[in-house]
Amino acid sequence: IAEDGGVATVTATLAHTHIRAVTVELGFSGTATLTEDYTRSDVQIVIPAGSLTGSVTVTAVQDTVYEGNETVVVDITGVTNGTENGSQQATTTIVDDDGPPTVTLTVDQATIAENGGVAMFRATLSHASTQPVTVDVAFTGTATLTDDYTRSSTQIVIAPLALSGSVTVTAVQDTVYEGNETVTAHIRAVMNGTENGVQQA
């Protein structure tokens, strides 16, 4: 079913009619989360006396989080005035319509002092994901690593459901005249997401 309000009907069918109402108790499992990913009309199916079928519905809930496709599994957990035919379950898959997030790279300081100045390079997602997003960062420019600056990491790991993460570059003081120098961060690769065009800061 579509994430945007898709509906699946789960039907219980009797082998033959009964003079009493048959109640089928249901259990819900799967990778989808109740309320956040779907709602259900009931947790039992009541088949009236003399009838052969009854049903409940599962309705997908729209969100803006990338989760991939998720399942709702419905099992019979008990039957009153009847018996389960072996082990019965039915599965519907909620088709995610969000897609993996794109990553944009920015820096909070366009210039920093040679005497310990710090610049933060931030990777921001277009929308949240239930998977961690790892952004590999390469550093180039006229400044030299260690001699002119240090960096906190070459990876930005954005936690599940978070929208951003960062690394820092710290200038190193020296007594050599070099003129102004640059540090440019580039996105080299993204895991569980895609680069938004060509990003550098």
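The values are calculated or read from the model by the stated rules, or taken from the named source; none is laboratory data. Worth saying up front: this structure is predicted, and the values here are computed from it rather than measured. Don't worry about glycine lacking a Cβ; one is built from the backbone with ideal geometry, like all the others, and counts go over all protein chains shown. Please note that ligands, DNA and RNA were not included when accessible areas were found on the heavy atoms of the full protein model with its side chains. Shrake-Rupley method; radii C 1.70, N 1.55, O 1.52, S 1.80 Å.
Return the residue satisfying two criteria in turn: it lies in segment 1-29 and is in a loop (DSSP other than H, G, I, E, B) and among the β-branched types (V, I, T), and of such residues it is nearest to Y66 (Cα to Cα). Even if it seems obvious, please write down each step before you answer.
Residues of segment 1-29 that are in a loop (DSSP other than H, G, I, E, B), as a first pass: 1, 3-6, 14-21.
Remaining after also requiring among the β-branched types (V, I, T): 1, 17, 19.
Values: I1: 16, T17: 45, I19: 48 Å.
Checked segment 1-29; the qualifying residue nearest to Y66 (Cα to Cα) is I1.
Would you confirm, using the coordinates I've provided, whether S164 is closer than 30 Å to E3 by Cβ, crowded, with 18+ Cβ neighbours inside 10 Å and polar (S, T, N, Q)?
So S164 fails the test.
Pairs needed: first member in segment 52-66, farther than 17 Å from A15 by Cβ; second member anywhere, in a strand (DSSP E or B) and of a type in the set (F, W, Y); C-beta distance under 9 Å; at least 6 residues apart or different chains.
Between residues of segment 52-66 that are farther than 17 Å from A15 by Cβ and residues that are in a strand (DSSP E or B) and of a type in the set (F, W, Y), the close pairs are V58/F28; V58/Y38; T59/Y38; A60/Y38; V61/Y38.
A32 is checked against (1) assigned to a loop (DSSP other than H, G, I, E, B); (2) at negative phi; (3) open to solvent by 40 Å² or more (accessible area, probe 1.4 Å) and fails just one. What number does that condition carry?
Status for A32: all satisfied but (3).
I want to confirm something. Restricting to segment 130-142 and keeping residues that are of a type in the set (S, T, Y) and at pLDDT 95 or above, which single residue is most open to solvent (accessible area, probe 1.4 Å)?
So, considering only residues that are of a type in the set (S, T, Y) and at pLDDT 95 or above, the one most open to solvent (accessible area, probe 1.4 Å) is T142.
Kindly list the number of the only condition in (1) closer than 22 Å to Q88 by Cα; (2) without any contact (Cβ under 8 Å) to a residue 60 or more places away in the chain that fails for I76.
Evaluating I76 over (1) closer than 22 Å to Q88 by Cα; (2) without any contact (Cβ under 8 Å) to a residue 60 or more places away in the chain leaves (2) as the failure.
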